[in-house]
1. Taking only region 622-679 into account, find how many residues are of a type in the set (Asp, Glu) and within 14 Å of residue 714 (Cβ to Cβ).
2. Which of the residues that make up region 54-83 are of a type in the set (Val, Ile, Thr) and crowded, with 24+ Cβ neighbours inside 10 Å?
3. For region 361-470, list the helices (runs of 4 or more DSSP H) that sit wholly inside it and hold at least 2 residues that are within 31 Å of the chain's Cα centre (by Cα) and at pLDDT 55 or above; which are they?
4. Being modelled with pLDDT under 85 and in contact with a strand residue (DSSP E or B) (Cβ under 7 Å, 6 or more places away or on another chain), is that true of even one residue in region 182-195?
5. Out of all the residues in region 549-572, is one or more assigned by TED's automatic domain parsing to the domain that holds residue 390, closer than 24 Å to residue 392 by Cα, part of a helix (DSSP H, G or I) and of a type outside the set (Asp, Glu)?
6. Within region 177-197, which residues are of a type in the set (A, V, I, L, M, F, W, C) and surrounded by fewer than 12 Cβ atoms within 10 Å (Cβ to Cβ)?
7. Is there a residue in region 627-634 that is at pLDDT below 85 and under 20 Å from residue 710 (Cα atoms)?
8. Considering only residues that are more than 16 Å from residue 628 (Cβ to Cβ) and in contact (Cβ under 8 Å) with a residue 60 or more places away in the chain, look in region 663-681 and name the one that is surrounded by the fewest Cβ atoms within 10 Å (Cβ to Cβ).
Amino acid sequence: MGAVLALMGGVISLSAPALAAESTPVETSHTKATLISEVDAVGTPTGDDAGKGSLRVALRLQLKSGWHTYWQNPGDAGEAPHIHVTVSGSRTGTADDVEWPVPERVSEGGLMAYAYQGDVVLPVRVPVQGRDTGDVQITAKADWLVCADVCVPEKGEFSLTLPARSSGPVSQVAEAELFRRADAAMPQPSPFTAQINPDGVLTLHGAGLSPDTVRQAWFMPQEGGVIAQNVPQTLSVQAGQLALQLKPDSYAAHPPLWQKPMAGVVVLVDGAGNRSALQVGVVPVSGSAQVEQPAIPGRGKTERAIWGSLLSAFLGGIILNLMPCVFPVLAMKILSFAHMGGASWRTRWRSAAFYSGGIMGCFAALGALMIALRYGGASVGWGFQFQSSAFVVGVGWLLFVMALNLLGVFQITGGRLAGRAGEMAAGHGPASDLLAGLLAVIVATPCTAPFMGVAIAAALGGPVWAGLLIFLAMGLGLAAPYCVLALVPGLARCLPRPGAWMERLKQLLAFPLLASCVWLLWVAVLQRGGDAVVLMAGGAVLLGLGGWLYGLAQQWAILGQAFRSVLVCRVLALLCLLVCLAGLGQSVMAGEGASNVPSMTTEKGGTGLQASDGPTIEPFSAERLAALRAEGRAVFVDMTASWCVTCMVNEHVALDVPSVRQAFRQHGVTILRGDWTRRDERITAFLRDHGRDGVPLYLYYPPHEKEQILPQILTPSLVLKILFPNRGSEAD
């Protein structure tokens with residue numbers, strides 16, 4: 001958003017008591033704040049309510065031109081003012097419930113905020129009791145946020161003294177006009193019934209609604225995180241009925257808007273431009289109780305958007321085959337290709353079906369888990385499971401065991417799963433194909449291919465059914481090249497015939513898996529420190545021992561050794577596996593390690609961009625970004641993670657090269673690096689604000705200009721061309 005929170009210090013002031021209807025002001029460079037009263041004295045109630053009554057005061061914020069503060073629901077960004085009023089002396093009482101006038105809608109860098117500008121009056125009614133004579137002291141503490149190009153948190157303490165009158169009228173003062181103006185801006189009770197159906201269509205019913213009386217309308221919920229506030233609300237009006245198409249907030253931490261009642265304000269604009277604001281209570285209706293609703297224009301656009309997301313997901317899945325994190329599994333499939341040389345069409349079809357089934361099943365499960373976590377209020381994104389060091393260690397162990405299998409330490413037989421012993425050991429058969437498909441998805445999640453970022457954001461932000469379809473389309477794209485190769489007869493004939501060379505290739509392909517284990521060990525160390533070495537390497541030793549014992553048992557069984565010896569070896573191998581799993585479980589229970597583990601932005605040597613000829617690199621924060629932008633500095637935001645293979649490749653191929661480092665330094669570019677290796681809610685929120693649900697994300701903020709989003713796959717010439725078009729596109 002255009003206005004981001006800058007840590008510029010709060011403003012604290014304690015005003016002196018005054019016998020007036022307005023306190024001494026708290027003044028800043030952006031705001032003049034006072035506490036005002038509607039009357040100049042407090043009267044004594046009589047009758048049955050003697051000793052009880054109420055006192056109305058207000059926080060008055062006089063904002064300078066170009067600055068604004070926020071409503072009770074600030075919208076996509078911002079924070080509502082908070083006020084706490086205390087009355088003491090001859091009357092006592094406390095209150096903090098603000099009476100909120102209707103706000104304006106303010107666009108902030110593509111986001112929607114509900115805000116006030118100019119002279120803002122926020123009334124608070126304080127219930128009081130007591131009838132003693134004497135002055136009444138009113139104190140208030142308030143904090144508020146004011147925003148323009150940057151946001152500044154401010155706060156103040158106020159004091160106001162009013163006399164108590166036992167007789168005679170209580171006079172209204174000049175400030176009473178401010179209260180009347182605020183009251184005129186309050187929403188009025190709605191004469192219409194309001195409902196919302198499962199499709200997110202808000203309808204108002206009642207006499208007086210027609211295309212002639214309503215030309216524009218919009219809904220503002222009182223509670224944040226209910227609807228996507230920056231999405232246009234399509235209006236349809238017919239006699240006696242109005243409908244607004246709303247989109248639920250993709251990241252709401254509570255059930256979708258149609259699952260519970262909600263309150264808000266509907267603003268209606270007639271043909272002459274006159275506005276009326278109505279306070280509505282919206283009641284959800286079930287599918288069986290849906291009201292008849294007008295046709296909502298623009299639904300075709302939504303359907304086209306879903307089809308576009310499906311296409312993006314499919315293309316992203318295809319390109320994912322070229323990403324380095326999938327190489328270990330592609331090595332396994334090379335063996336499978338070799339076994340298929342000369343195989344029948346039915347065998348190839350079965351292999352493709354099981355491989356695709358494993359991929360799509362795993363994608364569907366992963367998508368369902370991510371969507372469920374999102375609806376439960378969790379902050380997750382693509383590759384979120386790699387933020388857990390326990391998951392990283394577990395995948396590392398799995399790849400290590402597979403490498404031992406390829407090296408011939410032991411053989412895994414398909415048994416009843418495959419229907420034929422030795423299939424998985426040979427690298428083919430249904431069980432092997434299914435396992436390869438599942439593993440392909442697991443190791444692919446650290447990578448993000450072009451087209452995937454937008455597709456994943458659409459999957460997590462749209463309807464559940466559309467989200468699952470998008471994940472399935474991504475899986476279909478990942479499986480498509482293998483399916484084409486396996487099923488097209490002409491391509492299958494190009495495959496080499498099986499032979500003795502396959503055993504050597506099988507052993508050779510174990511080394512990419514071992515290299516992946518080394519990389520995962522590095523990731524685990526970054527996440528939880530040195531104890532990750534003991535956990536992962538120690539577990540690998542135990543798994544290696546278990547694999548050797550299991551292989552020994554297989555050899556003895558073939559040679560006809562005593563059953564007891566074979567059983568002992570197998571039990572010991574199982575014991576090694578159980579000890580590893582117990583250690584992993586204990587690691588999960590103990591948490592993710594110490595918080596002082598260095599991040600990628602601070603560890604020595606963790607980034608090549610910290611060379612002497614490179615630019616300044618700082619840890620990312622929204623406050624620091626806002627401060628640099630306010631200074632007119634050029635900023636490059638790099639959202640990365642140590643488990644993100646795409647990020648690491650971009651780092652070493654496109655960003656960590658002399659030409660790019662020198663260009664950054666010459667143009668005074670500051671790099672703000674966000675490390676998402678471990679869970680970080682601030683980075684997650686920043687990714688969402690820019691339509692992403694995973695890393696990498698690269699943004700360039702030229703001085704005093706709108707940010708530019710770079711592609712997910714970078715080259716040196718591409719970086720130089722986008723960031724410094726007048727410099728040329730030289731690359732090392």
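The values are calculated or read from the model by the stated rules, or taken from the named source; none is laboratory data. Being a predicted model, the structure only gives us computed values, none of them experimental. No Cβ is skipped: glycine too gets one built from the backbone with ideal geometry, and neighbour counts run over all protein chains shown.
1. Total meeting the criteria: 3.
2. Scanning region 54-83 gives 57, 69.
3. Those helices (runs of 4 or more DSSP H) span 389-406, 430-444, 452-461.
4. no
5. No, region 549-572 contains no residue that is assigned by TED's automatic domain parsing to the domain that holds residue 390, closer than 24 Å to residue 392 by Cα, part of a helix (DSSP H, G or I) and of a type outside the set (Asp, Glu).
6. 184 - this is the single residue of region 177-197 that is of a type in the set (A, V, I, L, M, F, W, C) and surrounded by fewer than 12 Cβ atoms within 10 Å (Cβ to Cβ).
7. no
8. Ranking the qualifying residues of region 663-681, first place goes to 681.
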